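FYI, it's all coordinate maths here, none of it is from the lab. Here the structure is a predicted model, which is why all the values come from computation and not from measurement. We place every Cβ from the backbone using ideal geometry, glycine too, and count neighbours over all the protein chains shown.
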Amino acid sequence: MQAMLLAVDRVSTWLGQAFAWLILLLTGLITWEVFSRYALNTPHAWVLDAQIMLYGTLFMMAGAYTLAKNNHVRGDVLYSFFSPRAQAWVDLVLYVLFFLPGVVALTWAGWNYAQEALAIREQTFSAVPLPLYPFKFVIPLAGGMLLLQGLVEIVRCLQCLRDGEWPSRGEDVVEVDVDKLKAMVHVKNEDIEALDRLVVPPVREERP
């Protein structure tokens, strides 16, 4: 069971990281359009629509990835003080009451939405229209991946209720632990304080 859960984590992580490269394409497109518009005086009518579709794809495909890393925004002022079992109960109730109905509706409606767009070969409303129906299929894809990852999180809640502790997750990029970093390079706090005194000498108070 744990291997299957981690496999879904890896798929969500791979998709999130793969689609994250769109930020480079989006940045390049915006930079080029600004230069073209203000330096060359040749704006392009289709660029705004392309920007919206790229950002929308990036945003939607990050949902399952963020859930796999347990990084969605949570009002954890009290949550962090709960025991693992109490946290699991809270998460399980919220998943069943709110998450599952909402994401199932998103995926179902998104699939119908994309099918209709494909049937009419929907395009953007601009002087230079772009095909819109491929972008519409991102909605059910993102919803389906988010639903799959949500089911994995529900299983984790059940495991935590059974075992009293949260099961492991796949590893990913994390914030730098300063203490571990100092231990890796064999730096002591005394060395840092001595270096600080060399760079910024202490301020002496002058008496009148």
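Give, in nm to one decimal, the length gained when the segment between residue 116 and residue 36 is fully stretched (0.36 nm per residue of separation minus the Cα-Cα distance).
25.3 nm
Subtracting the Cα-Cα distance from 0.36 nm times the residue separation, let me have the gained length for residue 95 to residue 123 in nm, one decimal.
Result: 6.5 nm gained on full extension.
Could you check the spin-label model distance between residue 52 and residue 4? Points 7 Å from the Cα along Cα→Cβ, value in nm.
With each label placed 7 Å out from Cα toward Cβ, I get 4.1 nm.
With viscosity set to 0.692 mPa s at 37 °C, what whole-number translational diffusion coefficient in µm²/s follows for the stretch 5-143 from Stokes-Einstein and a Kirkwood radius over Cα pairs?
Translational diffusion coefficient: 185 µm²/s.
Taking amide H atoms as placed 1.01 Å from N in the peptide plane, list the residues 5 or more away in sequence, or in a different chain, whose amide H sits under 5 Å from that of residue 123.
Amide H to amide H, under 5 Å and 5 or more residues apart or across chains, residue 123 pairs with 132.
With a cut-off of 8 Å between alpha carbons and a minimum separation of six or more residues, what is the relative contact order of the stretch 2-175 in percent?
31 percent
Would you mind giving the three semi-axes, in whole Å and largest first, of the ellipsoid equivalent to the stretch 29-109 according to its Cα gyration tensor?
So the equivalent ellipsoid measures 42, 16, 8 Å along its semi-axes.
So, R0 is 45 Å and r is the distance between the beta-carbons of residue 130 and residue 70; what FRET efficiency does that work out to, to 0.05?
Plugging the Cβ-Cβ distance into 1/(1 + (r/R0)^6) gives 0.80.
Which peptide among 32-41, 107-116, 135-144 comes first, and what is the full order, when sorted by highest mean count of other Cβ atoms within 10 Å?
135-144, 107-116, 32-41
State the three equivalent ellipsoid semi-axes of the stretch 68-119, derived from the C-alpha gyration tensor as the square roots of 5 times its eigenvalues, in descending order and whole Å.
That gives 33, 11, 7 Å for the three semi-axes.
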